[in-house]
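Note sheet for the following structure.
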Amino acid sequence: MDPFVFSTTSQIVFRPGASAEIGSLVKKRLGDRILFVTDPGLRKLGLCNAALASLAEAGIVATLYDSVEADPSVETVHAATEAAKTADATGVIGFGGGSSLDVAKVVALLCGSGEDIDRAWGVGNAKGPRLPLVLVPTTAGTGSEVTPVSIITVGGDEKRGVSSPVILPDLAVLDPDLTLGLPAHITAATGIDAMVHAIEAYASRNSNNNPLSKMLAKQALQLLGQNIERAVVDGKDREARGAMLLGSMLAGQAFANSPVAAVHALAYPIGGTFHIPHGLSNALVLPHVLRFNAPDAAATYAEIAADAFPDLASEQSSRGRCAAFIERLAGLAAKLGLQSRLRDVGIGEEHLAGMARDAMKQTRLLVNNPRDVNEADALSIYKAAW
């Protein structure tokens, strides 16, 4: 067996209603002055109210930073960091989707270590220490609450990552009740995002791909594949919502240790340049990247096909099961009401060459792909997706 390292969040609490008890959960971890990082939409919906009331009841002074946007910018990170410093924060809570959690991670790092963010970009460059950190996801997609990665937008359209075990949180609080109000299209896009995490983690060419990540990826696909339609059709289905949140977290643990690859690399220019939500960006290129990879990865994809779609177990040959798996994924986005072509989200054919060039910048992801991808390959994949 090849050597590997597996890192994850120190403690995970999974319980309906847990976010309304967060004061008692974090008091000993975070101290009595915290920065609460979230987005304006969640504030407007009142989704943070119970958590903020719980913090106040526990005697914790919470400074609210609620200006996180989708695809958060480095300017947002700096503004939130200044808010934390002004409040003399002893800890940080990230509450929301992947954007809020990613900002909270970097704020905890910059406040705890005084590091320059420009020195922290990349893999293993953030040294720490960081402030104590708790993350509370409100979507079932990114798995950010258990990953050592934060993705931030720089210069308007370039996505950069901080990747280091230092930014894994001390506690992740998974409360399925927080996801009950998610609109169907967000449920669908974030759910497919989580499935992509599991698929790419399982098939990753990274030297740290390991038995634990593979096991978690398979379990994640079982939960996600068998519950995503239920969660989209009936957003109040607590059982389906809980399964999606748990599946997202398991997929996060998998790809945190066996990193993702070309689907994400090709999705980043779609999100960074055209501001398409990350989950939808992944869904738009997913089947086309898998078809490209199939000559080298058919057997691997066949191993997980029936985890996501149990009826595919009847397909005997690896290549047949792989092909059926890809076609099922290709139809899933449309079945769930999402756009399925790049042209459907306003991307013109004239943009594809520039996107292919930009995708080549994602070298930390492309090296993990089961099949080598060059710029011409990326352009062909984009054309197929257009």
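The values are calculated or read from the model by the stated rules, or taken from the named source; none is laboratory data. Please read all numbers here as calculations on a predicted model, not as lab measurements. We place every Cβ from the backbone using ideal geometry, glycine too, and count neighbours over all the protein chains shown.
Assorted remarks:
- Answer from VAL373, VAL289 - the residue that is buried (at least 22 other Cβ atoms within 10 Å of the Cβ), aliphatic (A, V, I, L, M) and not in a helix (DSSP H, G or I): VAL373
- Single residue of segment 113-171 satisfying the filter (hydroxyl-bearing (Ser, Thr, Tyr) and part of a loop (DSSP other than H, G, I, E, B)) that is surrounded by the most Cβ atoms within 10 Å (Cβ to Cβ): THR147
- The residues of segment 239-271 that are out of contact with any Gly (no Cβ under 6 Å at 6 or more places or on another chain) and hydroxyl-bearing (Ser, Thr, Tyr), listed by number, are SER258, TYR268.
- ALA283 vs. criteria in contact with a strand residue (DSSP E or B) (Cβ under 9 Å, 6 or more places away or on another chain), outside the structural domain of LEU174 (by TED's automatic domain parsing) and under 19 Å from LEU223 (Cα atoms): no
- Selected residue (criterion: farthest from GLY112 (Cα to Cα)) from residues of segment 9-26 that are over 23 Å from the mean Cα position of the chain (by Cα), of a type outside the set (A, V, I, L, M, F, W, C) and crowded, with 16+ Cβ neighbours inside 10 Å: GLU21
- Residue within segment 351-360 that is at pLDDT 95 or above and in a loop (DSSP other than H, G, I, E, B) present: yes
- Residue within segment 320-331 that is surrounded by fewer than 18 Cβ atoms within 10 Å (Cβ to Cβ), farther than 20 Å from THR187 by Cα, within 26 Å of the chain's Cα centre (by Cα) and among the charged types (D, E, K, R) present: yes
- Residues satisfying the stated conditions in segment 202-216, i.e. in contact (Cβ under 8 Å) with a residue 60 or more places away in the chain, part of a helix (DSSP H, G or I) and either of a type outside the set (Ser, Thr, Tyr) or on the phi > 0 side of the Ramachandran plot (or both): ALA203, PRO211, LEU212
- Number of residues in segment 32-49 that are surrounded by fewer than 16 Cβ atoms within 10 Å (Cβ to Cβ) and over 21 Å from the mean Cα position of the chain (by Cα) equals 6.
- Checked against the criterion of being in the same structural domain as ALA83 (by TED's automatic domain parsing) and in a loop (DSSP other than H, G, I, E, B), segment 22-34 has at least one qualifying residue.
- Restricting attention to segment 61-76 and to residues that are hydrophobic (A, V, I, L, M, F, W, C) and in contact with a strand residue (DSSP E or B) (Cβ under 6 Å, 6 or more places away or on another chain), the residue that is farthest from LEU174 (Cα to Cα) turns out to be VAL74.
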